[in-house]
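Structure record follows, encoded as C-alpha cells.
Every number here is computed from the coordinates shown, using simple stated rules; none is lab data. Small disclaimer: the values here were computed from a predicted structure and weren't measured. Neighbour counts run over all protein chains shown; Cβ positions are idealised from the backbone, glycine included.
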Amino acid sequence: MRSTASERNLSVQIVRTIAELRAVPRTARKLVLVPTMGNLHAGHMSLVRIARERGDLVVVSIFVNRLQFAPHEDFATYPRTFERDCELLSAAGCDIVFAPSDGEVYPEAQNFTAHPPPALAGILEGQARPGFFTGVCTVVLKFFNMVQPAAAVFGKKDYQQLMVVRNMVRQLALPIEVVPAETVRDPSGLALSSRNGYLSGPQRAEAVQLHAVLRKLIDAARSAVADLQAAAPQPGQAPPPVYEQPPPQPQQQFAPPTAPAPTMRIRGFAPDVLSVFGSAIFFLFSVG
C-alpha cells in the first residue's frame, strides 16, 4: 500500500508489512513496542514517552483486532483516525508506526489461538465479553512474534488485560519485559479512553462520579489502616493495661453497603458486580 502525501511529510516511518518491519536495521538497538488499536489520545502518548525512555527504537502498532470483538460489538464502527494518529506519534517521538492490514495479520483462518486461564480471564470484563481475552492474547502474541521487541508498554487503565499479558509472557517464557504505565485522566478524573466519545453527557457525569466515590473509599480505607497501625503497640512498648471487661457481645457480621444498590441496579450493574464492590470495600477496611 502506497503512503499518502501527508504520511510522507511525517518524521515517523510507516510500515505496513512484516517483511518491511524485519528489514529495519536494529543492531544493538533496544526495540520497545506500544500496541494500540488507534484513535489515539494523551494516554497513548504517555506510553510512547515511557517507551522512548526505555529503548532507542520505538514501534507503535495500530491494528483493530477483529478477534477480540463479539459479533454484536463495534468492530465496524470503532473509530479509525490513522492520519491524525500518525501526526500525534510523529510529534511524540515514535520511530515506526506498524499498521498492517487484516490480511497481513490473519492471512488465513486463525485456528491456533491463545487461551488464558478462566480464573484470570473469565471474570470481570472477561465474564461480560466471552472470548475477549482469547482474542487479545492471540493478537498480542502474534505482534510479539512479528515485532520481536525487547519490551512492551501496557497501560494500567486496562488492568485485567495487563495481568493477562504479563502472565502469558511469564508462562510462555517470552524474552519480553512488560512495562506497566499509569492511567492518564482528564481534569474531571475520567480515565482517557478511545471509547469515551461513545458516552452521553449523563453517562460521562456518572463515570466521573463513580471514580470520585472509589477514590473516597480508598482514602478512607488508608486512613483507617494508618489509625490502626498508630494505635498498635510498638516493639519494646508495654502492652496497654487489661481491665475487667463486660461479657462479650455477639459479633455483628459485616454486611456490604446496600444504599447505592438500587441506583446501581437501575444503571445496569448486575448483582455479581455489587458483590464485588461490597467485597472490595470489606477488604479495604479490613487490611492490617
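Overview of values
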quantity	calculated
Ranked L172, L33, criterion: other C-beta atoms within 10 Å, fewest first	L172, L33
Three-way shape call for the range 5-186 based on the alpha-carbon gyration tensor, with the a/c threshold at 1.5	rounded
Partners for K157 among aspartates and glutamates (Cα-Cα distance below 17 Å; same-chain residues under 8 apart left out)	E125, E182, D186
Reachable lysines, given that their alpha-carbon falls under 24 Å from the alpha-carbon of K30 and they are not under 8 places away in the same chain	K142, K156
Positive minus negative residues near K157 (Lys, Arg vs Asp, Glu; Cβ under 14 Å)	-1
Ordering of 215-228, 130-143 by burial proxy (mean other Cβ atoms within 10 Å per residue, highest first)	130-143, 215-228
Least to most buried among V32, V213 (fewest other Cβ within 10 Å first)	V213, V32
Cleavage-rule hits, chymotrypsin sites (Phe, Trp or Tyr not before Pro), the range 28-88, DSSP coil, Cβ neighbours within 10 Å at most 15	F75
Cβ-placed point charges (K, R +1; D, E -1), dipole of the range 5-186 about Cα centre in debye, nearest 20	440 debye
Residues S46, S61, sorted so that the one with the fewest Cβ neighbours within 10 Å comes first	S46, S61
